[in-house]
Amino acid sequence: MKNYEVIIVGAGPAGALAGFHLARAGLEVCLFDKSQFPRRKVCGGGLTRRALLEIPFDVTPIIHQAVDWGEIRFRGRLVKRVQGDKPIAYMVDRASFDALLLDQAVAQGARQQLGERVISISQDNDAVQVQTNQNGYRCRYLIGADGVHSTIAHQTGLLLKRRTSLAYEALMTHQTSPEDSMHESANFDFGTILGGYGWIFPKRDHLNVGVCRSWPGKRASKHHLLRFIDQHPALDRDRIINIRSYPVPLGGEETILHNNHILLAGDAGNLADPWLGEGLYYAVVSARIAAEAIQRHAKGGSPDLSGYTSEINDQLISQMAYARRLSLLINALPGINVALLKSSPTLQKMIIDLLRGDQSYQQVWQSLKAHPLRLLWGILQGK
C-alpha cells in the first residue's frame, strides 16, 4: 500500500493549487482524478481579477481575452455599455486552464494518478485509508476537491444538505462579420431568466453562452438557454456547437468543512458565489487556506484542522452571505434594478469594482444599506 503525506481527490483548480502549495512546502502529495487531462470542463470560464492575483504563477499563456468592458441587457435589449479602466475579467478555457494548474503542481513535485477513481475512504487514528478502482493508499491528510457531488463529502458526513442550482451553457461559433464585438466584451442579461441571469463570454475561437438561476429552489433549463439565444440579436441557434448542463454550488451558509484529517475545498465545499455562481476565486483561495492549515498542523502549530473551517467561514462564507442578499434584491425586481443601473454611474462603478474585486460584497451591501436616499437622489440626477 502506497503512503503519502497528503492525498488530494480531484485535480481541478482547488485540488491542483492545494497540491502546488503543499508540494512547494516539501510535503509528499498525490493528486487523484477520475479523468485524464486535459479534459472538457463545463464552466463559463470567467477568471476574475481577484482570482488571477491569487494564483502564484503566470497563467497568461492560456488566457483567451482580457475584458475591460461589457454590456448589460434586459431580455436581449441593450441597456448599458459599461467600460472599466482596467480588466474586469480574463477569459479562459477550463481544459487548458486546469491542465496548466496541474502541470505546475507536478513541477513542484506532486504526483498524479489520473484516470483513477476514488471509491471509498476511512479514517483510523491519524491515518486516512483511500481505496480507488485500482489500488489502496494511505495518507495522513486528505483534501476533497472532487466537485459538487463530492464522494469525500458524502463519506465523511459533511455538507449532507447543500444549496445548488443548475446552469446550462452552449458553445457557439463566432460571427464572421468584422464589426462583431462579441469577441471583445462580456455580456450579462438580467431579465432573460426569472431569478437568474444569462451571460456571453468570448473565447479565442468560440463564445460561451449560458444561463443560471440563483433563486433558492429554482433551476435553469435548456428551454431557458434557447430562449436567451433567441432573444439576443447577435446570437443564432444555427451557431450552436453543443449544449451541456452542470450543477452550481450556491454558497453562503456557515458549515463545517473538516472531519479529523480531511478537508473540503472548492465546489466540494459548496464554495461558489450565490449570485453569479462564480467558483474559481473561491477554489483558489480555499486551496491556499487548506494548504496552510495542513502545514500548521503538520508542524505542531495547531491541535487540529478546525482553523480551516473557521478561516473559510470568516473570509469567504461571510462575503457569500452578503452576495446572497444582493442576489435576492436584484432577482426580485430585475427590470427596475437594470433601469437604475443604466442611469447611475455610481452603481455602474460599484458593480465593476465588485466584479473586479476592488470592493467586497459586504462593502457594496453596506453602501446600499447606509445611503439608500443619497444613492436614489444621485440616480434621479444621473450621477
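The values are calculated or read from the model by the stated rules, or taken from the named source; none is laboratory data. As the structure is a computational prediction, the values presented were derived from the model and not from experiment. Counting neighbours? That spans all protein chains shown, and the Cβs are built from the backbone with ideal geometry, glycine included.
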> Do we find that Ala110 is farther than 28 Å from Leu355 by Cβ, buried (at least 17 other Cβ atoms within 10 Å of the Cβ) and at pLDDT 90 or above in this structure?
Replying inline: yes
> Taking helices (runs of 4 or more DSSP H) that fall entirely within region 7-111, which contain at least 2 residues that are under 26 Å from Asp126 (Cβ atoms) and not assigned by TED's automatic domain parsing to the domain that holds Asn337?
Replying inline: 13-24
> Mind checking which pairs have a first residue in region 342-360 that is within 17 Å of Arg73 (Cα to Cα) and a second that is in a loop (DSSP other than H, G, I, E, B), Cβ under 7 Å, 6 or more apart or different chains?
Replying inline: Ser343/Gly382; Ser344/Lys383; Pro345/Lys383; Ile352/Gly84; Ile352/Ile88; Leu355/Ile88
>> Name the residue that is modelled with the lowest pLDDT, counting only residues in region 147-167 that are under 13 Å from Ser245 (Cβ atoms) and among the aliphatic types (A, V, I, L, M).
In response: Leu166
>> Among the residues in region 114-131, are any among the hydrophobic types (A, V, I, L, M, F, W, C) and either in a helix (DSSP H, G or I) or farther than 20 Å from Leu158 by Cβ (or both)?
In response: yes
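This table checks each residue for (1) acidic (Asp, Glu); (2) buried (at least 21 other Cβ atoms within 10 Å of the Cβ); (3) assigned to a helix (DSSP H, G or I); (4) touching a Gly at 6+ places or on another chain (Cβ under 7 Å).
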residue: Gly307; (1), (2), (3), (4): no, no, yes, no
residue: Glu311; (1), (2), (3), (4): yes, no, yes, no
residue: Met320; (1), (2), (3), (4): no, yes, yes, yes
residue: Ala323; (1), (2), (3), (4): no, yes, yes, yes
residue: Gly335; (1), (2), (3), (4): no, no, yes, yes
residue: Ala339; (1), (2), (3), (4): no, no, yes, no
residue: Thr346; (1), (2), (3), (4): no, no, yes, yes
residue: Met350; (1), (2), (3), (4): no, no, yes, no
> Considering region 77-110 alone, what residues qualify as being in contact (Cβ under 8 Å) with a residue 60 or more places away in the chain and touching a Pro at 6+ places or on another chain (Cβ under 8 Å)?
Replying inline: Met91, Phe97, Asp98, Ala99, Leu101
>> Restricting to region 49-76, count the residues that are free of Cβ contacts under 8 Å to residues at least 40 places away in the same chain and touching a Gly at 6+ places or on another chain (Cβ under 8 Å).
In response: 1
> Assuming Asp68 fulfils every condition listed in (1) touching a strand residue (DSSP E or B) at 6+ places or on another chain (Cβ under 8 Å); (2) modelled with pLDDT of 85 or more; (3) surrounded by fewer than 22 Cβ atoms within 10 Å (Cβ to Cβ) apart from one, which condition is it?
Replying inline: (2)
> Counting just the residues of region 233-258 that are surrounded by 21 or more Cβ atoms within 10 Å (Cβ to Cβ) and modelled with pLDDT under 95, which one comes out farthest from Gln129 (Cα to Cα)?
Replying inline: Leu235
>> Being at pLDDT below 95 and at positive phi: is that true of Arg94 here?
In response: no
>> Considering only region 281-298, I want to know if a residue exists there that is part of a loop (DSSP other than H, G, I, E, B) and surrounded by 23 or more Cβ atoms within 10 Å (Cβ to Cβ).
In response: no
> Of the residues that make up region 82-103, is at least one of a type in the set (Asp, Glu) and surrounded by fewer than 20 Cβ atoms within 10 Å (Cβ to Cβ)?
Replying inline: yes
> Which of the residues belonging to region 202-217 are part of a strand (DSSP E or B) and farther than 13 Å from His232 by Cβ?
Replying inline: Pro202, Asn208, Cys212, Arg213
